[in-house]
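Enquirer: The structure that follows is given in the form of structure tokens.
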Amino acid sequence: MKTRSNDRLTSRRAILLGAAALVMARRAGAQQRIYRLGYLIPSSAAASVLNQSALFGRLEELGYHAGHNLMVEHRFADGRLDRLPALAAELVALKPDLVFAAGVQATLAASKATRTIPIVFVAVADPEGMGIVKSLRQPGTNATGLSNQAGEFQIKLLEILKEAFPKASDVAIMYNPLNVYEVLQLPGLKEAAAKLRLNLRVIEARTPGDFDRAFAMLKTKRADVLYVLGGPLMFTERDRVVALANGQHQATVYGLSGFAEAGGLMSYSFSLIEQYRAAATFIDKIFRGTSPAALPVEQPTRFELVLNLRTAKAQGISFPSTMLLRADRVIE
């Protein structure tokens, strides 16, 4: 009886060990596969370092390690949006398993470069209206990811601007006419400004070389408030933009929190870092075999109001108490 019992135990152990070995073999096989990721960014490497850390940090948590089972080809446009089509074509020619793209222009460039390689995007306003997906719930194309509802929060920022500066009437908006989404958004911003009894004055900045001229114009004809959209050019040059605005004691509001963190007076936006982290989940699912056509586009559920009290104090600005209470973050 003992012999039979021992035989059964030995048999069970063998089965368990065999099953464990099979699981380990499968895992080893999965780990041996090397995934190739194309990384297309409209800003510079330095300007997007925190976002990049968020994406690849989350990918590491999911088991993808750059240089081991994940090979990444980086392309940065350094704020030069006209470079994106060529950079997208370079990445597609390398035949990656997936292309990651940030912003409308980069995603449009990637979508035009390939209709077959999966694309995961972040910070894309109205991907359905831009023709990137067929619908948010059923993308139906090779692209999916995260929208940013830019039109909504940019108009909301105008309302917050009016609350912070109730006597303001003349608002200058720094705008890049080479950014397709900013061009589409401008009429809606002008309409919203008119309802708030704000005169919206447009100041163009197409390249980094335009900023000195733009701020010289502001110094000559000062605005009550400057509104800076958070496009790739402005974001790449945010340290310089903030320094120029603060140097003139120009009250300025910004469309991404990175500006307030760089010393800007205030910002209101979705969290770009959260979108980069969330994008890793899309990438993981597609690497595992899910079609991007079946992955619904996600939209931000939270927007963040950031007030920089150090800058406010330096400029002699006091925020209303209601705004201070409502702020999601206060930099002191």
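The values are calculated or read from the model by the stated rules, or taken from the named source; none is laboratory data. Just so you know, these numbers come straight off a predicted model, no measurement behind them. Backbone-built Cβ (ideal geometry, glycine too); neighbour counts: all protein chains shown.
Enquirer: Select, from Ser44, Ser11, the only residue that is in contact with a Phe, Trp or Tyr (Cβ under 9 Å, 6 or more places away or on another chain) and at pLDDT below 95.
Expert: Answer to the check: Ser44.
Enquirer: If you don't mind, another one. Select from the range 131-149 the residues that are under 20 Å from Leu272 (Cα atoms) and of a type outside the set (Gly, Ala, Ser) and list them in ascending order.
Expert: Listed by number, the residues that qualify are Ile132, Leu136, Thr144, Leu146, Asn148, Gln149.
Enquirer: Considering the range 78-123 alone, what residues qualify as being assigned to a loop (DSSP other than H, G, I, E, B), more than 23 Å from Gly151 (Cβ to Cβ) and under 19 Å from the mean Cα position of the chain (by Cα)?
Expert: Matches in the range 78-123: Asp78, Arg80, Pro118.
Enquirer: For the range 285-293, indicate whether the set of residues that are farther than 30 Å from Phe215 by Cβ, assigned to a helix (DSSP H, G or I) and in contact with a Phe, Trp or Tyr (Cβ under 9 Å, 6 or more places away or on another chain) is non-empty.
Expert: Yes, the range 285-293 has at least one match.
Enquirer: While we're on this one: Please verify whether the range 300-313 includes one or more residues that are hydroxyl-bearing (Ser, Thr, Tyr), in the same structural domain as Ile117 (by TED's automatic domain parsing) and either touching a residue at least 60 places away in the same chain (Cβ under 8 Å) or in contact with an Asp or Glu (Cβ under 6 Å, 6 or more places away or on another chain) (or both).
Expert: Checking the range 300-313: not a single residue is hydroxyl-bearing (Ser, Thr, Tyr), in the same structural domain as Ile117 (by TED's automatic domain parsing) and either touching a residue at least 60 places away in the same chain (Cβ under 8 Å) or in contact with an Asp or Glu (Cβ under 6 Å, 6 or more places away or on another chain) (or both).
Enquirer: Within the range 39-63, track down each residue that is assigned to a loop (DSSP other than H, G, I, E, B) and either surrounded by fewer than 21 Cβ atoms within 10 Å (Cβ to Cβ) or touching a Ser or Thr at 6+ places or on another chain (Cβ under 7 Å) (or both).
Expert: Residues satisfying the conditions are Ser43, Ser44, Ala45, Ala46, Ala47, Leu62, Gly63.
Enquirer: All but one of (1) outside the structural domain of Leu189 (by TED's automatic domain parsing); (2) over 25 Å from Asn176 (Cα atoms); (3) not basic (Lys, Arg) hold for Tyr276, so report the exception by its number.
Expert: For Tyr276, the exception is condition (2).
Enquirer: Go through (1) under 24 Å from Leu146 (Cα atoms); (2) at pLDDT below 95; (3) in contact with a Leu (Cβ under 9 Å, 6 or more places away or on another chain) and name the single condition Pro208 misses.
Expert: Exception for Pro208: condition (1).
Enquirer: Among the candidates Leu272, Leu233, which residue alone is of a type outside the set (S, T, N, Q), modelled with pLDDT under 95 and in contact with a helix residue (DSSP H, G or I) (Cβ under 7 Å, 6 or more places away or on another chain)?
Expert: On inspection, the qualifying residue turns out to be Leu272.
Enquirer: What tally of residues in the range 125-180 results from selecting those that are more than 30 Å from Ile317 (Cβ to Cβ), among the hydroxyl-bearing types (Ser, Thr, Tyr) and crowded, with 21+ Cβ neighbours inside 10 Å?
Expert: Count: 2.
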